[in-house]
Each structure stands twice: as structure tokens, then as C-alpha cells.
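As C-alpha cells, the structure follows; a few thoughts come after it.
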Amino acid sequence: MSRKIIPFIVAFVLVCLVMVVAGAFAYSGAITAEKFGSNVIWETPYTSAESMNVIDFTGDGQDELFIQNTSDVTVYDGSGTLLWNFPYSSSKTTMSDINGDNVEDIIVFHSGSGSSVDTIINGQQSTLATSLAIGSPARIVFIRFSSGPQIVLGDTSGSLLSLTSSGQPTWESSFSNEEIRGMDDAKIGGQTYLAAASHDGSVAVFDAQGSIVWETEQEQLRRMRAFDLNADGNSEVITGGEFGAFFIYNAADGSVLFNTSLGQAVSEVREVELNGDPSSREIVVGGKDGGVWAFTFNGTTATQIWTGSLSDKVTEIAGIDIDGDGKEEAVLGDESGNVAVFTENGSRNNLSTHTSGIMRIDVGKLGNERYVVIADVNRIETHKVNFNSITGFQYTPLIVGLIVSAIILIIAAILASIPAKPEMKVSFQDKSKESLTAERRMLKESIADVERLRKSGEVTGDAYLARLKRLRGDLADNESAYKTAGFPIKVETFQCPNCGGTLELGMDKCEYCGQVILS
Amino acid sequence: MPLLCIAGVIGVIILSLFFYLLNTARKKTAPVTNIMGKKEFTPVYVSIADKPDSIMLGMDRFVKEVQKTESAGDKWRWIPMLIFFVGVALVAVDGVLILFGYFSFIFTMGAFALWIAAFVMARSLRKSDSFDFSPRYKGTKEILHTLRDDLKPNATFLGHLDLTGALLPTKVAREAKDTQDRTTQYFRDEWLALKAKLYDGNVLRVSAIQKSKKRKSYTKRSRISGKYKTKPEKFKGTEHDIKVRIVVNPEVYKIVTNKEFRPGVNIGKYTISQLSTENGMVNVVASSPFDEVEQEQILNFLKSAYSLLQRKAA
């Protein structure tokens, strides 16, 4: 094939390859130029928030910001103005409509006159129960059982105490010996139950009478949450262990639907609708060493979608649809003050870093806008998170592919234009009969010389054969030159049919390749 | 830390590529040397069977042809460097995007593709480079030029000029093993063979032979550690022989003895080792321990060999 064509064929193949890859990138949607940013709308000092929620406590249709730490319970309005502040000691809180006025109320489990429960309804603080037979506050939850609502308290020694909404104890349980680490409402056949878990790894589901529906043990755990991930009327109980065990239990019977080991303590678990498909819910898990995992649950089992990381222990996870595409992004904070947005495919986009560790993150509508509220060790910041993308950026692989292809073709054209290196064997041959005869004589003398050298032992083996082959080749060229010039010549050489080496007539075996010659 | 290492390795590769392309553009490449520590030359084999002028013209034409190939590549030598900078520009686009807060790597991927293409092109351009022609090439031309007036009218020079290399496997004349089972190869490279019928009726044959010695690489076991070590091949030296035969035209010359041209006498870089004047022929073999012998030495030796011939009275 022509030396001028080969570079173009190679170039064509490469160009096709480049354009196929470019096309795959362009149309797969993998290439995007997107960024997330945030502006602080308002901020206010607040120390070490333990719980935070954006919710309407006044019934005016506008959400307020609830925040609580170990020393007080505070509510700000949408613009950051302080509405209420109540001092408490070692308090734990939950929010629910306790009085049935369709407005959320605050229920506080604190160490007041013994273990006590207060309510804050529309800014009015009142005591519901005091001197309760339960230890230091660990968790509180308001569960709407089918038989009626109950306030369930959990303490640091693993005991549970249930109260009616008027503060009368109904049942108690000491199902564990260590701190209650999670309480949540779990659905079984559409009915509401209580899922509870303690630090020693005990996980149980209770009915309205405090009877255990099922219980199980696992490694020490840090987090427990219950979600109905596939909206089938049965919740899934999700636990994260002290040593990385991640379990999803069926709330109905306690069977394990999924479990894996994440390799580090699970510090937070939240549900985030990452893919926008309501038939499957996604769970984002944060680790003590900064690991981030996203799982999707299809009703039967969970599948890991992606993994990522932050620089330090993940302290909070929240979901918000920042770019308005119907899919939530996961906003994560860590103990070093980093806040990052993880998208559906797990790409990480950093927001501004805080000078102290992130305590809580929540998402909600304050005023007319949806905000991400971030509480670090020293303050609360309300952020307006924004999203920017370059339109049409997904087609840049095609532009890059065209640039690369054009340069490949230019290179091919240049290489094709360079002439081939000349043959490094040149022959200067006079075509006169006298000259050809003299050359022939010289070649025969040289052949005789080589034979003499071989006989005397000066030249042996390959060197002898190589020299002989070259001289015989020259002799064959000489014969061809004779024939071409039309001079009579007695042919004395022939070519080996196997290796093409020139041999003297009459030889029955090729000296170069060992081929037996019959003709 | 691993990311830093990967970035470092990529940085070193890109920097190496930059200097490779820069040296390609400036045509600055390290001279290639052979095992003898000498510069490599263009390996060429010239078969000689023509009149001196045709041979000399042909040799010049061949040099020009080789140079033409090289110069055809020379004008494009800066292109790989330009392609490299196009790649840098693409990386800069990604850099600007990252500066504005957008994460992008697609332009960098394109840059890597371009850098690979630039490297391939630079390799091809370097391949079109030729080594210099051996001084023997020019020297042989000088010999032909000097002898052309002594040639019988319309006669041709016959022979060859073999500059393909003295240490080719096909030029191993013999091998010998020493007591330690190490193999030494003896090379015989008849790089110049020339035969010419001269104006005075004599027939002159000249052969220039380079004899070299090389010890092949071998493996030996260390007496102390017991480990096997491979020793590289070692060049052991070279010497040059010249063989001259003059078939004397008895009608013109008679052979005489000459005290200045006898075995053991130095003629330039050569020392005569054998001399025979029987059967109307002068056969002389001389050797030289020098690494290289120039064409002046060969011509001077031929001139000295002619001192054995005495022109008969008319």
C-alpha cells in the first residue's frame, strides 16, 4: 500500500475513535459545567445546636426556625428575629401538633423538677409532667398510634417511658442498658408503631401498649431512622453501627432487607430523593471519617449508587432541590466546618467553609424563599443556595473531538508528505559488456576468496554464508544486467524457492535455509 | 497524598514530553554511539562496478537524496511543539472553568490526546533523521578520485564499500571460549574491496579489513553473595588490515626489492606483515593497530607498494 495513503487510513481510524468517544461523552450527559454557590441572607449567634427545624409554630403559614441546645429552646422568625427563648437544662425536643390545632408545637423532655416534659404551644410554655420515673433525657418522640397519640421518652440508661398527650404515664420499658440512640415512628400495615434503638445494639419495634413486636441485636449503633422507603405501608428501619455495620430491617418482622459494612462508624443517615423517582427512595449515609454513601431502595433491597467523601466526620445531611430539576441534592456538613452539595451522580460541590464544625443543617421556606439553614458551633447562618450551569456545555466533547481530529489529519498529511528514506544499498553499474564481464570476473574472484578464507579457518559460520550470499546476489544481479542489455550469458545462479537466497546452479540443498532442492 | 503523587508523575511526564518535543524542534538529539564508543553513521552498502566519474556522481546524488528526506521532515519539526501548546491552551480552558467554579476535565482529556499525537509525530520526524555519512564514505570517494587518472580508458572500478557496521552478527568470523567459558567473538569486516585495471596494464586489488574483538555478555555467580550477575558485553579492541595485490604487466615493469618496503617496516599507520613478489604478482598484507585509518594512509600505502616496481627501459 502506498506510503502516502497509510497515514490517512490510520488517521481516519483514530478520528472515528475520537469522535465516537466524544459523542458518547456528549450524549451521555456525563459532561456538565455546573456549580453550586450560596449567599448568607442572615445570621445570628447560637452555640452548639443539638436540634434544628424549619416549621410553622404560629399557624400564620410562615415557617419559623426552631433551634435547641443543652441550655435553651429558641425560635426565630423567617428574618432571624428572636421570637421565643426558654432556658432548659439537658433538654431533648420533638415537634408535633399535640393539641390538635393543626399547628406544630414543641415538646421538651428536660431535667427540671426531676425528669420533666414541657410543651411550648404558640410561644406559651407549660409543664406537662414532672418527676417522671425515667433517667436523664436521651430522646423524645411524639407517636400517633392508632389508639391515640403518645409522647415516648428515652433516657441514657436504655429505658422508655410513654405518656399520654396530657402527660399521664401509660407504659414503660427497660429494653436496653445503654443510651437510647434513636426513636422514630414506624408503619406496619399502615398502622403506626414505635421503632427504638439503643447504643448497645438493641433494636425493637413497640406497639401502643409498649409490647415488643420484634427485637434484634447488632453491633453497637450510633444512628437509627425509620422511613417507608417504597410507600408500601411498611417502614424500613435503618441503623448505622459504631463499626460500620449498615442494616435495613423490615419494620413488620425485623427481617434484614440489606446489610453491608461501610468500614467506619456511621455518624448520620438521612433520606434524600436523589433521583427524583418517587417509587424508590435514596438514603445518604455519612461516616465518622468523612465517608459518604448513597443507596437506593427498590422495595426489596438496596443498591449503592455512589460514594464520596468529606474531610471530617459527617455531622449532618439534608436534602434540597437546588436546581429545580425535581431531584434533591444532598447537603452535607462535617466536623471541620465544610459544607458540600452532592448531586444525583455523587459529584461534590463545595459551599463556603465555616470556621467551626457543622452541628445541624435543615432546609425550609423562611419568608418567600427556600433556604438552607446551617448551624455551626458558634452561629446559625441562613443561606440562599444557587445553581449555575453553562448552557450547551454537554456538547463540548464534540468540539474537543473536532479539534483533536483536525490535528490528527494535519499530522497525517505532514507525515504523508515526507518522502521515504532511500534504500541504503546502492549499486553503480556500467552496462557495457566489458564492464559487466569484468564485474563478473571480480565477483567470482571474491567468491573464491571467501571460499579460501573459509578453508583456512579465517572466516566461519554465519559470516561466510552472509558474505557468500551477498556476492552470489551480486552475481545474479550481474546476470540480470547481462540479460537486460541483451548480451548472451550462461546463467550460473538460481534462487532458493524457500528463502530466496541466490545459489549456484547444481546445488541440491540451500546453504542458507537448509531447503532440499529437487529441480 | 496519593493524588499529589499522581499529579507529580503526570507533571514529570508532561515536562519530559515538553523537552522531548523542544529537542525535536531544535533538532538537538544526543549522538548515538556504538559499543566501541564511536558515533553511529548511516549504514550503507555501495556496490561498485562503474566508471569513476559515474560512481562519484552517484555517491554525491545518494547523499543529496538522503539529505532531501531529512530536510523534508525538518520544516515540520516545530509542529509537535505547537500541538503541545494547543494542548496547554485546552488545559487552560479547563483551568479557567475551574477558576469560575465549574469542574471540567474534558478539555484536559483533549489535551492528553493531542500530546500523544504530538509525541507520535515527533517520533516519526526523528525517524526520518539520518545519521551522518561515515568519513570512510567520503574517503573512498577521494581514493576513487585519486586513482581515476591511473585507470585504463573506459575501464571500471569493481568492488564494494560496506559501511553497514563492523560488529554485525553476519560479520562474526569465528568465536572462541576462554577458561571461564566466556565467549569472545572475532569480527572481520571487509569494508572496502576495489579492483581496477590500470593504465599501465597492471591490475590492482585493494581490500581494507577491520578486525574487531568483542566479549559477549555472560552471567557469573558472585563468590561473596552467591548472587548471579550478568556482565555486559565488552569491546576488546580493533585493528585494520590492508591487502594489496598488483598483477604486474611484465612488458612495462619488473619487480625489484626495496629496503623501505619489506616486512616489519611502517608505512604511515600500517606495518607490513607479509610480502610476496612471486609469479609476477606483488601480494602485500599490512596491519594497523589504530582505531581508524584515513584514505591518505591507504593511498600512501599503494604509492609505497608501487616502489617495488621498476619501469623497464623502452
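Residues checked against (1) surrounded by fewer than 15 Cβ atoms within 10 Å (Cβ to Cβ); (2) among the aromatic types (Phe, Trp, Tyr); (3) at the interface with another protein chain (Cβ under 8 Å from one of its Cβ atoms):
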position: A:Lys444; (1), (2), (3): yes, no, no
position: A:Glu451; (1), (2), (3): yes, no, no
position: A:Leu468; (1), (2), (3): no, no, no
position: A:Leu471; (1), (2), (3): no, no, no
position: A:Asp474; (1), (2), (3): no, no, yes
>> Restricting to the stretch A:181-208, name every residue that is closer than 21 Å to A:Val269 by Cα, outside any strand (DSSP E or B) and among the acidic types (Asp, Glu).
In response: A:Asp200
> Scanning the stretch B:156-178 for residues that are without any contact (Cβ under 8 Å) to a residue 60 or more places away in the chain and at the interface with chain A (Cβ under 9 Å from one of its Cβ atoms), which turns out nearest to B:Trp191 (Cα to Cα)?
Replying inline: B:Lys171
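Out of B:Asn249, B:Asn202, which single residue is surrounded by fewer than 20 Cβ atoms within 10 Å (Cβ to Cβ), under 20 Å from A:Ala438 (Cα atoms) and away from chain A (no Cβ under 14 Å)?
On the way: B:Asn202 fails: surrounded by fewer than 20 Cβ atoms within 10 Å (Cβ to Cβ).
Sole residue among the options that is surrounded by fewer than 20 Cβ atoms within 10 Å (Cβ to Cβ), under 20 Å from A:Ala438 (Cα atoms) and away from chain A (no Cβ under 14 Å): B:Asn249.
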>> Among the listed residues A:Ala245, A:Ala204, A:Ala196, identify the single one that is touching a residue at least 24 places away in the same chain (Cβ under 8 Å) and buried (at least 24 other Cβ atoms within 10 Å of the Cβ).
In response: A:Ala196
> Are any residues in the stretch A:414-432 surrounded by 14 or more Cβ atoms within 10 Å (Cβ to Cβ) and more than 7 Å from chain B (Cβ to nearest Cβ), and if so, which ones?
Replying inline: A:Ala416, A:Ser432
> Just checking, how many residues over the stretch B:126-157 are in contact with a Pro (Cβ under 6 Å, 6 or more places away or on another chain) and surrounded by fewer than 20 Cβ atoms within 10 Å (Cβ to Cβ)?
Replying inline: 1
> Going by the structure shown, is A:Phe387 closer than 14 Å to A:Val272 by Cβ, in contact (Cβ under 8 Å) with a residue 40 or more places away in the chain and of a type in the set (Phe, Trp, Tyr)?
Replying inline: no
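Okay, residues lined up against (1) among the polar types (S, T, N, Q); (2) under 22 Å from the mean Cα position of the chain (by Cα); (3) surrounded by 20 or more Cβ atoms within 10 Å (Cβ to Cβ):
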site	(1), (2), (3)
B:Leu161	no, yes, yes
B:Pro169	no, yes, no
B:Ala176	no, no, no
B:Thr179	yes, no, no
B:Arg182	no, no, no
B:Asp189	no, yes, yes
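Return yes or no: is A:Thr460 touching a helix residue (DSSP H, G or I) at 6+ places or on another chain (Cβ under 9 Å), at the interface with chain B (Cβ under 8 Å from one of its Cβ atoms) and among the polar types (S, T, N, Q)? Outline the logic, then answer.
Numbers: touching a helix residue (DSSP H, G or I) at 6+ places or on another chain (Cβ under 9 Å): yes; at the interface with chain B (Cβ under 8 Å from one of its Cβ atoms): yes; among the polar types (S, T, N, Q): yes.
Yes; evaluated as a whole, the condition is true for this residue.
Is it the case that some residue within the stretch A:375-394 is in contact with a helix residue (DSSP H, G or I) (Cβ under 7 Å, 6 or more places away or on another chain) and surrounded by 15 or more Cβ atoms within 10 Å (Cβ to Cβ)?
Residues of the stretch A:375-394 in contact with a helix residue (DSSP H, G or I) (Cβ under 7 Å, 6 or more places away or on another chain): A:394.
Filter once more, so that each one left must be surrounded by 15 or more Cβ atoms within 10 Å (Cβ to Cβ): A:394.
Within the stretch A:375-394, one or more residues are in contact with a helix residue (DSSP H, G or I) (Cβ under 7 Å, 6 or more places away or on another chain) and surrounded by 15 or more Cβ atoms within 10 Å (Cβ to Cβ).
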> What strands (runs of 3 or more DSSP E) completely inside the stretch B:192-277 contain at least 1 residues that are at pLDDT 90 or above and of a type in the set (S, T, N, Q)?
Replying inline: B:203-215, B:234-247, B:270-276
> Does at least one position in the stretch A:486-496 carry a residue that is surrounded by fewer than 21 Cβ atoms within 10 Å (Cβ to Cβ), outside any strand (DSSP E or B), facing chain B (nearest Cβ under 8 Å) and without any contact (Cβ under 8 Å) to a residue 24 or more places away in the chain?
Replying inline: no
> What number of residues within the stretch B:37-65 are in a helix (DSSP H, G or I) and either within 17 Å of the chain's Cα centre (by Cα) or not aliphatic (A, V, I, L, M) (or both)?
Replying inline: 11
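Consider A:Ala406 carefully, then state whether it is within 14 Å of another protein chain (Cβ to nearest Cβ), under 30 Å from A:Tyr27 (Cα atoms), touching a Leu at 6+ places or on another chain (Cβ under 9 Å) and modelled with pLDDT of 90 or more. Let's see the steps before the verdict.
Values: within 14 Å of another protein chain (Cβ to nearest Cβ): yes; under 30 Å from A:Tyr27 (Cα atoms): yes; touching a Leu at 6+ places or on another chain (Cβ under 9 Å): no; modelled with pLDDT of 90 or more: yes.
Criteria not met by A:Ala406.
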> Checking B:Ser273 against (1) in contact with a strand residue (DSSP E or B) (Cβ under 6 Å, 6 or more places away or on another chain); (2) crowded, with 16+ Cβ neighbours inside 10 Å; (3) of a type in the set (Gly, Ala, Ser), which test does it fail?
Replying inline: (2)
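The values are calculated or read from the model by the stated rules, or taken from the named source; none is laboratory data. Just so you know, these numbers come straight off a predicted model, no measurement behind them. Reconstructed Cβ throughout: ideal geometry from the backbone, glycine too, with neighbour counts over all protein chains shown.
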